[in-house]
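**Student:** One structure, as structure tokens, below. Some questions next.
The values are calculated or read from the model by the stated rules, or taken from the named source; none is laboratory data. No experiment lies behind these values; they were computed from the predicted model shown. Heads up, the Cβs are rebuilt from the backbone with ideal geometry, glycines too, and the neighbour counts pull from every protein chain shown. For accessibility, only protein heavy atoms count, side chains too; no ligands or nucleic acids. Shrake-Rupley method; radii C 1.70, N 1.55, O 1.52, S 1.80 Å.
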Amino acid sequence: MKKAFILIPCFLFSILEAQEIQNNSAEKMNIIKTNVTAYAFRNINLSYERAINQWFSVNIGFGTMPEGKVPFINAFLKDEDEKRFRNLRVKATNFTIEPRFYIGKGYGKGFYFAPYYRYSSVTSNTFDFYYDYNGPNGVTYQIPLKGQGDTKGNSGGLMVGVQFFLTRSQNLVLDFWIAGAHYGSGKGDFMMTSDYVLTPDMQAQLKKEIENLDIPFVDYTVETNANGAKIKVDGPWAGFRSGLSIGYRF
């Protein structure tokens, strides 16, 4: 009898374990998604989410922005400063790895919070930059320069969101990124060259003009010489995330 009492709990545990494995295998553990709101900013993107168990999954995303105008450039540059840049175009890429912890029904459904790492890269075309040099004779000269460069950033952050299954078959997925923010560091160099040989006074005014652009969320230093200027980006790198993704679960 004692052996029977010992074997019965083991037998019941084996049945429950088998049922759990069966339920897990019945779940669709993979989701392919794209953030549809990001296309408004030329961001072509795709992400893949893999459920590890009921409450934990890993989401990996990649996005690229083809070369074009800087989105919302007038939001961080004054009108007079924006006019100094002619035909400025940028392209960008980003890669994100995002563990997700679900507090809802799980297996990719319900509310979640997600710490994440993001790598970002931004590259500019060869653009024209003009600044006004106030000469010693009281005459103002417009000095043209050619600029080009790139910068890269590494950051970590946290996002909160909720994911729904929209159909009875649970194949169609809606992923709402409620809010996310990341912070890290970025490094890069932008070179500006002039066909004119810049005097020390011209260099001093050029340095002041670039420093006065006061671009938010970016720390940079300016070095000038007779050929132009070098802008070195080395400082904080911050960003925000929000959006709506549509996906397919399989």
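**Student:** Is there a pair in Lys83/Lys207; Lys109/Lys152; Lys28/Lys91; Lys91/Lys146; Lys109/Lys187 whose C-alpha atoms are over 29 Å apart, and which pairs would that be?
**Tutor:** Check vs 29 Å cut-off fails for Lys109/Lys152; Lys28/Lys91; Lys109/Lys187.
**Student:** So, one more: Find how many whole Å separate the alpha carbon centroid of region 159-235 from the alpha carbon centroid of region 69-116.
**Tutor:** Value for the Cα centre distance between the two parts: 12 Å.
**Student:** Ranked highest first by the average count of other Cβ atoms within 10 Å around their residues, in what order do 77-87, 141-151 fall?
**Tutor:** 141-151, 77-87
**Student:** Once all Cα-Cα distances of region 178-245 are split into 5 Å bins that start at 0, what whole-number percent is in each one?
**Tutor:** Spelled out per bin, shortest first, that is 4, 15, 21, 17, 13, 10, 8, 6, 4, 2, 1.
**Student:** Sequence-distant or interchain residues sharing an amide H contact under 5 Å with Arg89, placed H: which?
**Tutor:** When sequence neighbours closer than 5 places are left aside, the close amide H contacts are Asn125.
**Student:** What does the helix-only formula give at 222 nm for the chain: each DSSP H stretch with n ≥ 4 adding -39500 (n - 2.57), the total divided by the residues, and the result rounded to the nearest 500 deg cm²/dmol?
**Tutor:** Rounded to the nearest 500, the figure is -5500 deg cm²/dmol.
**Student:** Here's another thing I want to ask about it. Using a 1.4 angstrom probe on heavy atoms only, work out the carbon and sulfur share of the accessible area of the chain in %.
**Tutor:** In the chain, the share of accessible area belonging to carbon and sulfur is 63 percent.
**Student:** Find out how many positive minus negative residues lie around Val139, taking Lys and Arg as positive, Asp and Glu as negative, among other residues whose Cβ is under 14 Å from that of Val139.
**Tutor:** Counting the neighbours of Val139, the net charge comes to -2.
**Student:** Using θ = phi - 60° and the Karplus relation 6.51 cos²θ - 1.76 cosθ + 1.60, list the HN-Hα couplings for region 30-40 in order, rounded to whole Hz, with x at every Gly or Pro.
**Tutor:** 10, 9, 9, 9, 9, 7, 6, 6, 5, 5, 5
**Student:** In a Gaussian network model over the chain where Cα atoms closer than 10 Å are linked, find which of Glu98, Glu49, Glu209 has the largest mean-square fluctuation.
**Tutor:** Glu209
**Student:** What angle do you read, to the nearest 10 degrees and between 0 and 90, between the alpha-carbon axis of helix 200-211 and the longest principal axis of the chain?
**Tutor:** 30
**Student:** Convert each backbone phi in region 171-176 into a coupling constant with the Karplus relation 6.51 cos²θ - 1.76 cosθ + 1.60 (shift: θ = phi - 60°), then list the ³J(HN,Hα) values in order as whole Hz, x for Gly and Pro.
**Tutor:** 8, 8, 10, 10, 10, 9
**Student:** Considering only Ala26, Ala226, Ala181, give the residue with the highest GNM mean-square fluctuation for the chain, with springs between Cα atoms whenever their separation is below 10 Å.
**Tutor:** Most flexible of the set in this elastic network: Ala26.
**Student:** Farthest toward the dipole's positive end in the chain, which of Gly186, Phe111, Gly161, given Cβ charges of +1 (Lys, Arg) and -1 (Asp, Glu) about the Cα centre?
**Tutor:** Phe111
**Student:** Can you give the accessible area per residue of region 30-249, in Å², using a 1.4 Å probe?
**Tutor:** Per-residue accessible area for region 30-249 comes out at 54 Å².
**Student:** Assuming R0 = 45 Å, what is the FRET efficiency of Leu174 and Lys232, from their Cβ-Cβ distance, to the nearest 0.05?
**Tutor:** Rounded to the nearest 0.05, the efficiency is 0.55.
**Student:** Summing +1 for each Lys or Arg and -1 for each Asp or Glu, what net charge is found among the other residues whose Cβ lies under 13 Å from the Cβ of Phe111?
**Tutor:** Net charge in that neighbourhood comes out at +2.
**Student:** Taking the chain as a Gaussian network, where each spring joins two C-alpha atoms under 10 Å apart, which residue of Leu174, Leu166, Leu46 fluctuates the most?
**Tutor:** For the chain, modelled as a Gaussian network with Cα springs under 10 Å, the answer is Leu166.
**Student:** While we're on this one: Against the longest principal axis of the chain, how steep is helix 2-26, in degrees 0 to 90 to the nearest 10, with axes from Cα atoms?
**Tutor:** That helix lies at roughly 40 degrees to the long axis.
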